[in-house]
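Structure first, commentary second.
Read-outs throughout are calculated quantities, based only on the coordinates presented, and are distinct from any laboratory measurement. All figures in this text were calculated on a predicted structure; none of them were measured in a lab. Every residue, glycine as well, gets a Cβ built from its backbone with ideal geometry; the counts of neighbours run over all protein chains shown.
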Amino acid sequence: MPAAPEADPRFNEFIILQAQNAGLFLGQIPNPHSGEKQINLRAARSVIDSLEMLASKTRENLTASESKLLTTALDNLRPLYQAAVASVSS
């Protein structure tokens, strides 16, 4: 049986940073320079795609808390992305 994965605090920090970046690109967080909320769907999609790829490539190699954090980030970002797409399209 393979050894259980070890927690790496850098992983959690990375996921949180990427989720914050996606939030910025989806207009959920004001731009720190301008204070304005802006939507950049291409950048947001890129972050979400990267997190999805990371989830796929690290499957069964994360601790339970790391896996939950990554899953939660994606579960929160996907509907925000869809809402942003709908708001830009209308």
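Things worth noting here:
- Computed log₁₀ I(q)/I(0) - Debye formula, equal Cα scatterers, no solvent, the stretch 36-90, q 0.14, 0.27, 0.31 Å⁻¹: -0.43, -1.06, -1.24
- Positive contributions from Lys and Arg (+1) and negative ones from Asp and Glu (-1), summed over other residues with Cβ under 14 Å from the Cβ of L80, come out at +2.
- By average C-beta atoms within 10 angstrom, highest first, the peptides 28-37, 72-81: 72-81, 28-37
- Residues with amide H under 5 Å from that of L26, placed H, sequence gap 5 or more: N40
- Dipole moment magnitude, nearest 20 debye, the chain about Cα centre, only Lys, Arg, Asp, Glu C-beta charged: 280 debye
- Selection from Q38, I16, A4, by position along the positive dipole direction of the chain (Cβ): Q38
- Cut-off 13 Å (backbone N to label point 7 Å along Cα→Cβ of K37), residues of the stretch 1-30: 23-30
- Adding -39500 (n - 2.57) for every DSSP H run of four residues or longer, then dividing by how many residues the chain holds, sets the calculated 222 nm ellipticity at -23000 deg cm²/dmol.
- Between T72 and A3, the FRET efficiency estimated from the beta carbon spacing at R0 = 25 angstrom works out to 0.50.
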